[in-house]
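Below is one structure, written out as structure tokens; the observations come after it.
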Amino acid sequence: MTFGGWMVMILSVGSVSGLFLWCLWKVLMPPDKSEKLHGFSFETPDEKADS
Amino acid sequence: MAAERWSSRLGVILAVAGSAVGLGNFLRFPGQAAQYGGGAFMIAYFLSLLVIGLPICWAEWTMGRMAGRHGFNAAPGVFHFFVRHRWGKYLGVIGVVIPVVIYMYYVVIEAWCLGYAVNFAFGGIHFNSGEESGRFFSRFIGAGANGGAIGFHWDQVGYYLLFVFILNFTLIYRGLSKGIEWFCTWAMPALLLLAFVILLRVLTLGAPDAGQPEKNVLNGLGFMWNPEKVLLEKQTDGGWTKERELVGREIIESAEREVAADSKLRIRRVGVIEQLSKPQLWLAAAGQIFFSLSVGFGVILTYASYLSREDDIVLSGLSATSANEFFEVGLGGLITLPAAFAFLGVAGVAGMGTFALGFNVLPLVFDKMPFGTVFGCVFFFLLFLAAITSSLSMLQPGIAFLEEVLAIGRKQSVTILGLITGVGSVFVVYFSKDLKALDTLDFWVGTFLIFILATTQILVFSWGFGVRKGLEEAAHGASFRIPGIFIPVMKILCPAFLITIFGLWVLVNVFGVSFGGGEPEFSGYVRDLFINPDPVAWLAIGLVAGFAAFVSLLVARAPAYRREIQREVEP
């Protein structure tokens, strides 16, 4: 196998494997985890005291 | 009648991925990539994935989910929903015809895979040459004479066909969640595991014949992936013609000595740019993406129709596509050809079609391999699993259609579809001489009609419904949006690319135009119908036309397709 062959194989197999693993991670990740990350709201001390 | 639903997101992704992963991933893709030079082919392949694969896939998921919310699960209903014209529902007729007719012959191929796995397991396969392997295959499928395949013996297809037919309908009878989803949830991981076992065996083969060290796995990988093809050519009256392809340092050095001794020989290197300038390469790459992803089959439309609006179709579509690509490029691309090359060299594998590679070459390879009986059995069982997850998906659009137009339950719809597909499969397995029935159906339905349906779908989605509105709808419930670059891709590039590829396909495969030169000649499929009419080819076309007429009649009379519909995008 030539150097070019190695490059084509690694890039092709690597890109589809990377995409597949990323998708698996996104699908299997518990849904509430991401919601918490985005749903965090800051409250200043005075706002807390008001409430 | 309770509405059917998927029980989990992973389940629907595995079901759609299972529908896409099939024999083509392990047998067709490696042959295509090797034929056109790995590097050039992969450039065209990945471009096709971005321009036609993903856009049509996302369009299908979106159309299916949206129509499903309004009570439509089958393609005629989906088109009735999206095309605001009383004839719109008829566009969906081919969305039922395609999966049901493909099932009729695909289940036969599935039976071959199971038959080979069983024959390997019980020691029924021992070949000393390609001729012996070919003879076994020909007898097994009845290629010598019509009716030759119908027999109930271990090395005939009868038992296996009966078994896989019953298995398919048992699973489909259990329903979407308890049948298809349950099966795919364990079959897909099993498929992955088996593929890894075979991959490990292939990559550790080295050079199986010490006397022929150039036949080794590394050179096999080079045959598949090297971007530059090295050809030995001979000068004839008509110019330089290809003698053979050269792979591996030793073989090229040996050829260089031949060239030095003979002035009528030369070595020519075909680079990536030269390969990319060939229309055939683009046709092959786009065709592979197209058929491999199961877009344009009508299956995703139906599967997505059972989703709720909160389900993430953008990620699900991408996940199912990525799973298919992983099986195809990451596993299929490393298993089949390197294994065959290590035992048989270039001459044994170059230019092999899907069936020849799978059922003639590979059994011979496994037979020569240490513990080949086990690995042969595992490989063909892997193909069987890949096939059954696909064939199951082909039944659901038919079931959904019958339930929708006749307002009947699952038991009745399964019975009716069982009778229809049973007749079709018996037709295919009986008219087995030269695989004429199977080949005709595969060409006109499994290729021609799929192009038509996919083009119709993307035009209805992008131009009829509106691509921006469509992407808004897709974004609902999604963890990320479809990137904006896909707006012009879906509206202009994808339909234009698809129509160009379809035009090229018709020129090459119908009118027999050869881009490499030579007089155009009508393809065998056209000659079988109009020039030297073949009764079996005409019967096959009659079967498709009869079924299409039956579906159209049901569509015309269905109360479900008479009501007016509102299809505004909800906020």
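The values are calculated or read from the model by the stated rules, or taken from the named source; none is laboratory data. In this text, all values refer to a predicted model and were calculated from it rather than measured experimentally. FYI the Cβ positions are ideal-geometry reconstructions off the backbone, even for glycines, and counts take in every protein chain you see.
Which residue is surrounded by the fewest Cβ atoms within 10 Å (Cβ to Cβ), if the candidates are limited to region A:1-30 and must be more than 7 Å from chain B (Cβ to nearest Cβ) and part of a loop (DSSP other than H, G, I, E, B)? Among them, the one singled out is A:PRO30.
You will find that of B:PHE530, B:PHE511, the residue that is within 25 Å of the chain's Cα centre (by Cα) and either of a type in the set (Phe, Trp, Tyr) or surrounded by fewer than 18 Cβ atoms within 10 Å (Cβ to Cβ) (or both) is B:PHE511 and no other.
If I ask for residues that are surrounded by fewer than 24 Cβ atoms within 10 Å (Cβ to Cβ) and more than 10 Å from chain A (Cβ to nearest Cβ), which ones from region B:9-23 would you list?
Listed by number, the residues that qualify are B:GLY11, B:LEU23.
Scan region B:81-90 and give yes if some residue there is hydrophobic (A, V, I, L, M, F, W, C), touching a helix residue (DSSP H, G or I) at 6+ places or on another chain (Cβ under 7 Å), away from chain A (no Cβ under 14 Å) and crowded, with 24+ Cβ neighbours inside 10 Å, otherwise no.
Scanning region B:81-90 turns up at least one residue that is hydrophobic (A, V, I, L, M, F, W, C), touching a helix residue (DSSP H, G or I) at 6+ places or on another chain (Cβ under 7 Å), away from chain A (no Cβ under 14 Å) and crowded, with 24+ Cβ neighbours inside 10 Å.
Looking at region B:454-463, can you tell me whether even one residue there is touching a helix residue (DSSP H, G or I) at 6+ places or on another chain (Cβ under 9 Å), closer than 30 Å to B:ALA356 by Cβ and at pLDDT 90 or above? Yes - at least one qualifying residue is present in region B:454-463.
Could we say that B:GLU214 is part of a loop (DSSP other than H, G, I, E, B) and either within 14 Å of chain A (Cβ to nearest Cβ) or under 28 Å from B:VAL513 (Cα atoms) (or both) here? It is true that B:GLU214 is part of a loop (DSSP other than H, G, I, E, B) and either within 14 Å of chain A (Cβ to nearest Cβ) or under 28 Å from B:VAL513 (Cα atoms) (or both).
Against the criterion of being touching a Gly at 6+ places or on another chain (Cβ under 9 Å) and modelled with pLDDT of 90 or more, B:ALA261 does not qualify.
Residues in region B:452-463 that are surrounded by fewer than 20 Cβ atoms within 10 Å (Cβ to Cβ) and of a type outside the set (Val, Ile, Thr): B:LEU459, B:TRP463.
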